[in-house]
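Right, one structure below, let's go through it.
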Amino acid sequence: MTYWEDKDNPTHLKYIRDYLLSDIELLRLYQIILKQGEVKFNNNSHIHISLRLSGIVLKQQGKLVVFNKIYQTVFNQDWVAEKLAGLESNFKPPQPQSKKSRINLVFTFLTSVGIVILLRSLGLLQYWEWTLYDYFFRLRPVESFDRRIVIVGINEADLQKYGVPINDQLMAELLQKLHSFQPRAIGINIYRDSPRRPGYQNLITALENIPNIIGIEKIGFGCDNRVSFDSLWYKSKFRT
């Protein structure tokens with residue numbers, strides 16, 4: 001049985017050998033069984049269960065015993081002692097952390113957090129944060145256009161054709177035309193706090209009759225400090 005590895009076909013014994021060598025605790029338990037002839041089986045021990053699953057031992061009357069003489073001869077006391085010596089020389093159990101090392105770890109963590117908070121409060125990380133944010137923002141998948149939203153723009157050609165700024169009559173006609181499509185809301189991104197004639201009264205009428213107009217605005221103290229598109233309507237209401 002000395003050169004059994006060369007004659008093991010199929011590799012049944014090699015499987016058992018590799019299984020035993022995969023965990024030093026399995027080998028130690030098997031060594032005890034060899035010395036004592038048997039060990040009481042513990043249902044709550046994963047080592048007992050694992051060794052039994054290897055097939056080298058079996059459960060007999062509540063005890064683990066070597067399955068047969070072949071296994072006992074191949075994987076004998078000398079073989080187990082030799083393999084244990086090799087495994088134990090390479091086995092280094094984890095060392096528990098000392099109190100000093102734990103204190104150093106906590107101190108390092110708190111110091112790192114403090115430095116980051118200080119740098120952020122001084123604004124020194126803002127550039128890198130925005131750069132990283134912009135980078136990840138550009139990695140987003142391309143979003144499909146929402147066909148429920150329509151943007152009506154005023155470009156340079158419109159300004160050259162109709163003048164700067166667009167007069168109230170054109171704005172009133174545009175609002176009425178947009179309202180005819182029954183949109184849920186009409187948003188206006190234009191500041192206007194004084195009439196741009198002609199068409200001022202028509203624009204006031206449009207603002208009064210179209211309830212779903214939403215315009216951007218800057219608000220100060222009092223109605224006269226409103227600066228927005230619909231501030232024309234507010235001024236016409238509150239003018240004395």
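Throughout, read-outs are computed from the coordinates displayed, never taken from laboratory work. These numbers were taken from a predicted model, which means no experiment stands behind them. Cβ sites come from the backbone with ideal geometry, for glycine too, and all protein chains shown count toward neighbours.
Quick one: which residues, 5+ away or cross-chain, put their amide H under 5 Å from the amide H of Glu38? H built at 1.01 Å from N.
For Glu38, no residues qualify.
Quick one: 3J(HN,Hα) in Hz for region 171-186, Karplus 6.51/-1.76/1.60 with θ = phi - 60°, rounded, Gly and Pro as x.
Each residue of region 171-186 in turn: 5, 5, 5, 5, 5, 5, 5, 5, 5, 5, 7, 6, x, 6, 7, 10 Hz.
Determine ³J(HN,Hα), in whole Hz, for all residues of region 123-130 in sequence, where each value follows from phi through the Karplus function 6.51 cos²θ - 1.76 cosθ + 1.60 and θ = phi - 60°; x replaces Gly and Pro.
x, 6, 9, 4, 4, 5, 5, 5
For Ile188, list long-range residues whose amide hydrogen, built 1.01 Å from N in the peptide plane, is under 5 Å from its own amide hydrogen.
Amide H to amide H, under 5 Å and 5 or more residues apart or across chains, Ile188 pairs with Ile214, Gly215, Ile216.
What's the extension gain from Ile149 to Ile115 if we count 0.36 nm per residue and subtract their Cα-Cα distance?
Taking Ile149 through Ile115 to full extension adds about 7.6 nm, to one decimal.
Mark the label point 7 Å from the Cα of Phe181 along Cα→Cβ and return the residues of region 138-161 whose backbone N is within less than 14 Å of it.
Inside the label zone: 146-154.
FRET efficiency for Ser194 and Leu124, Cβ-Cβ distance as r, R0 = 35 Å, nearest 0.05?
0.15
Whose amide H sits under 5 Å from the amide H of Lys63, counting only residues 5 or more places off or on another chain, with H placed in the peptide plane?
Phe41
Output wanted: per-residue J couplings in Hz (rounded whole) for region 47-61, from phi through Karplus 6.51 cos²θ - 1.76 cosθ + 1.60, θ = phi - 60°, x for Gly and Pro.
Here the 3J(HN,Hα) series is 5, 4, 5, 5, 5, 5, 5, 5, x, 7, 10, 9, 8, 9, 6 Hz.
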